Structures are given as structure tokens and as C-alpha cells.
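**Q** Provided herewith is a single structure, encoded as C-alpha cells, for subsequent inquiry.
Here, each number is a calculation from the coordinates, and none is a lab measurement. All values reported here derive from a predicted model rather than from experimental measurement. When we count neighbours, we look across all protein chains shown, and the Cβ atoms used for this are built from the backbone with ideal geometry, even at glycine.
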Amino acid sequence: MNDQPAIVLAHGQLAAGLVSAVEQITGMGNRFVAMSNTGLSGAELEQNLRAMVEEIGAKVVFTDLPAGSCNIAAFRLLRDRDVVVVSGVNLPTLLHFVTHPNLSPEEAATEAVERGGPTLKVTFGKTRGN
Amino acid sequence: MAIELYRIDDRLIHGQVIVGWGQPMNLGFLVLVDDEVANSDWEQELYRMGVPPELDVFFASVAEASRKLDQWNRDKRPGILLTADIDTMARLAGATHATIRAVNLGGIHHRADRVERLRYLYLTGGELRALQELERHGVEVTARDVPASRPIPLSALLEASGEAGAA
């Protein structure tokens with residue numbers, strides 16, 4: 001069962017914004033804890049993340065930029081914690097994840113990426129001949 | 001093109017480096033100089049995992065970097081060299097005999113014994129003096145987290161801290 005809160009860790013206020021959007025759309029924003037890297041060294045970020053994973057028993061950590069400090073901090077937990085890291089988070093991914101609490105955290109994370117990833121697309125207007 | 005930016009940043013490889021600096025520079029390679037990371041396959045894998053595949057990442061100790069710096073500077077692609085702290089950059093600068101002419105302070109974060117100098121820069125008095133020492137050896141030191149921000153010379157940091165002219 002995917003019923004533990006998950007963590008969204010991102011640059012600036014992005015995580016708080018994403019969680020607020022999840023709340024607005026589903027009323028399930030409290031299934032996520034938003035964290036930011038602002039003003040933190042890599043070591044502090046890892047320390048804060050470890051403390052939060054411990055505190056809420058999170059099994060999944062969503063991060064934004066694959067090469068970013070949030071993602072690297074989350075990857076550091078893979079060595080000794082039973083967590084799943086999802087990089088490149090977007091809103092559709094979080095929505096799919098949170099609305100499938102019957103899946104295991106691993107299944108929910110994998111499905112969320114399969115559904116959320118392809119939602120990123122480009123659409124041109126008619127004036128461009130499409 | 002060679003190494004165009006020598007940067008001190010305690011987050012090492014992260015968004016500001018890869019995207020903020022890397023995109024406008026059309027970055028071709030990164031050199032991460034750190035004695036600990038150079039001896040840890042796990043740490044190297046960790047940093048490589050998030051980096052775009054077209055970007056080469058080289059890991060080196062200070063001793064290895066001092067031997068390879070000329071080779072990296074002959075690379076036709078633009079590169080960034082990173083250290084996590086001032087001491088590592090100072091040791092590299094000292095070992096490579098005036099090859100490094102400018103150092104960028106990109107991010108040194110809060111620690112109990114440090115004072116905030118800029119939003120992204122916290123330094124002890126000893127670290128400020130170490131930077132002054134670098135400048136005395138001909139290395140220009142400026143603080144600048146991202147290319148869009150204004151470079152701030154070390155002299156301005158010293159003036160703001162009341163340590164201008166300190167030994």
C-alpha cells in the first residue's frame with residue numbers, strides 16, 4: 001500500500017507550488033511534504049532530507065532537475081535507505097501517484113512516471129501550418 | 001576553449017552549474033577536483049547519474065588535477081573546473097604555477113563559524129584571508145552565483161566585512 005506521505009524536493013518554491021496544485025485538484029496535498037534546497041549546502045540538504053524521511057516514513061522522493069543538488073541529495077539516500085527516487089517531477093506525475101494509493105510505492109512511482117512523463121509535449125498553432 | 005570557469009561551490013555539480021552556466025557556455029566538460037570524491041567510485045557514480053550524457057565529467061585529486069590541467073586547457077570544448085572549498089582551489093592554484101588567473105565564488109553555504117557575506121556566500125575570517133592570499137598570487141577572485149548576476153569583487157566583500165586591508 002502506497003499510504004505513506006511522499007517527499008517533493010525541488011529548487012526555490014517549486015515543491016510547495018506543486019503540492020499546492022495537488023491539493024487544489026485532488027484535496028490530497030497532505031500526502032506530500034514539500035522541501036526546498038534554497039540556501040542549503042549539499043550536506044545540509046542531505047541531512048534535512050534524511051531527517052524528513054525518518055520522521056514521516058517516506059518511501060518515495062520526487063526531485064526536479066536530474067543534475068540538481070536536490071536529486072543528488074536524494075540519490076545519496078539510495079545507498080542505505082529503502083526509498084525510490086523519481087527525478088524530473090511534474091504535476092501529472094504527482095497526480096497519478098497520489099490517486100493510486102492501492103499500489104506499492106515502487107509500482108505507484110513507476111506508473112506515475114509512465115503516465116506523467118509523456119504529458120510533456122509541444123503543440124503548434126494553426127498559423128504555423130499544423 | 002579550455003577551462004573557462006574555475007568555481008568554488010560546495011554543492012559541486014548541481015543545477016546552477018549544469019544549466020545556469022553550462023547552457024550559455026555550451027559546456028563540453030566538467031572537472032571535479034576533490035580528494036575524497038576522486039577516491040570514491042560511489043561518489044563519482046552519484047555525480048555522473050544526473051549529468052546529461054553529452055557532457056564529459058572528469059574526477060581528480062588535487063595532485064592529479066595539477067598534472068592534467070594543461071591537457072584540459074588544450075581541450076577544444078569549453079569546460080568548468082569545480083572545487084567544494086577554498087583550500088582545494090588554493091592548493092591547485094599553488095601547484096599549477098599561475099595557470100589559474102580567476103576564481104569564481106559560486107556557493108559556500110552556512111556553517112556555525114561562518115558569517116553571511118552574500119545570500120549564497122558564507123565565509124569565516126580565515127577563509128576571507130585565504131582568498132586575499134589567492135589574489136596576492138595574481139588570481140582574481142569574484143563572487144557570482146549565476147551568469148545573470150553581477151560579479152562582486154573580493155575587495156567589495158572585504159570592505160563590507162570591515163576587513164579591507166587586513167593581513
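**Q** With the checklist (1) within 14 Å of another protein chain (Cβ to nearest Cβ); (2) buried (at least 19 other Cβ atoms within 10 Å of the Cβ); (3) in a helix (DSSP H, G or I) in hand, flag the one item B:R11 doesn't pass.
**A** For B:R11, the failing item is (3).
**Q** Any idea which residue in the stretch A:58-67 is nearest to B:Q23 (Cα to Cα), counting only those that are away from every other protein chain (no Cβ under 11 Å) and among the β-branched types (V, I, T)?
**A** My answer is A:V61.
**Q** How many residues, within the stretch B:17-58, are closer than 30 Å to B:R150 by Cα, of a type in the set (F, W, Y) and either within 12 Å of chain A (Cβ to nearest Cβ) or part of a helix (DSSP H, G or I) (or both)?
**A** 2
**Q** Continuing with the same structure: Take the residues in the stretch A:7-49 that are within 28 Å of B:R114 (Cα to Cα) and among the acidic types (D, E); name whichever of them is surrounded by the fewest Cβ atoms within 10 Å (Cβ to Cβ).
**A** A:E44
Residues are listed down the side, and each one gets a yes or a no for (1) closer than 22 Å to B:V57 by Cβ; (2) aromatic (F, W, Y); (3) without any contact (Cβ under 8 Å) to a residue 12 or more places away in the chain:
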position: B:T83; (1), (2), (3): yes, no, no
position: B:A112; (1), (2), (3): no, no, yes
position: B:G125; (1), (2), (3): no, no, no
position: B:R150; (1), (2), (3): no, no, yes
position: B:S161; (1), (2), (3): no, no, no
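Table: residues versus (1) in contact (Cβ under 8 Å) with a residue 12 or more places away in the chain; (2) touching a helix residue (DSSP H, G or I) at 6+ places or on another chain (Cβ under 9 Å); (3) closer than 30 Å to B:T83 by Cβ; (4) within 11 Å of another protein chain (Cβ to nearest Cβ).
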site	(1), (2), (3), (4)
A:R31	yes, yes, no, no
A:I56	yes, no, no, no
A:R76	yes, yes, yes, yes
A:T99	yes, yes, no, no
A:N102	yes, yes, no, no
A:F124	no, no, no, no
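**Q** Assuming B:A65 fulfils every condition listed in (1) crowded, with 16+ Cβ neighbours inside 10 Å; (2) assigned to a loop (DSSP other than H, G, I, E, B); (3) hydrophobic (A, V, I, L, M, F, W, C) apart from one, which condition is it?
**A** Status for B:A65: all satisfied but (2).
**Q** Can you confirm whether B:M1 is at the interface with chain A (Cβ under 9 Å from one of its Cβ atoms) and either in contact with a Pro (Cβ under 8 Å, 6 or more places away or on another chain) or of a type in the set (F, W, Y) (or both)? If you could, list the steps in order and put the result at the bottom.
**A** Details: at the interface with chain A (Cβ under 9 Å from one of its Cβ atoms): no; either in contact with a Pro (Cβ under 8 Å, 6 or more places away or on another chain) or of a type in the set (F, W, Y) (or both): yes.
The answer is no for B:M1.
**Q** So A:E46 fits all but one of (1) charged (D, E, K, R); (2) under 18 Å from A:A108 (Cα atoms); (3) within 14 Å of chain B (Cβ to nearest Cβ); what number is the exception?
**A** Answer for A:E46: the failing condition is (2).
**Q** Could you say which residue among A:A109, A:A67 is surrounded by 19 or more Cβ atoms within 10 Å (Cβ to Cβ) and out of contact with any strand residue (DSSP E or B) (no Cβ under 6 Å at 6 or more places or on another chain)?
**A** A:A67
**Q** What are the pairs, 6+ residues apart or on separate chains, where a residue within the stretch B:86-109 that is within 14 Å of chain A (Cβ to nearest Cβ) and surrounded by fewer than 23 Cβ atoms within 10 Å (Cβ to Cβ) has its Cβ under 8 Å from a residue that is in a loop (DSSP other than H, G, I, E, B) and of a type in the set (D, E)?
**A** Cβ pairs passing all conditions: B:H109/B:D10.
**Q** State yes or no: is B:R150 more than 14 Å from chain A (Cβ to nearest Cβ) and either not in a loop (DSSP other than H, G, I, E, B) or not aromatic (F, W, Y) (or both)? Can you show your working first?
**A** Details: more than 14 Å from chain A (Cβ to nearest Cβ): yes; either not in a loop (DSSP other than H, G, I, E, B) or not aromatic (F, W, Y) (or both): yes.
Spelling it out, B:R150 is indeed more than 14 Å from chain A (Cβ to nearest Cβ) and either not in a loop (DSSP other than H, G, I, E, B) or not aromatic (F, W, Y) (or both).
**Q** Can you tell me which residue within the stretch A:73-106, out of those that are assigned to a loop (DSSP other than H, G, I, E, B) and hydroxyl-bearing (S, T, Y), is surrounded by the fewest Cβ atoms within 10 Å (Cβ to Cβ)? Give the steps one after another, and end with the answer.
**A** Residues of the stretch A:73-106 that are assigned to a loop (DSSP other than H, G, I, E, B), as a first pass: A:78-83, A:87-90, A:99-104.
Still in the list and also hydroxyl-bearing (S, T, Y): A:87, A:99, A:104.
Numbers: A:S87: 19, A:T99: 15, A:S104: 13.
Step by step, filter the stretch A:73-106, then rank; the result is A:S104.
**Q** Another question about this same structure. Let me spell it out: the conditions are (1) more than 9 Å from chain B (Cβ to nearest Cβ); (2) outside any strand (DSSP E or B); (3) of a type in the set (A, V, I, L, M, F, W, C), and A:C70 meets all of them except one. Which number is the exception?
**A** (1)
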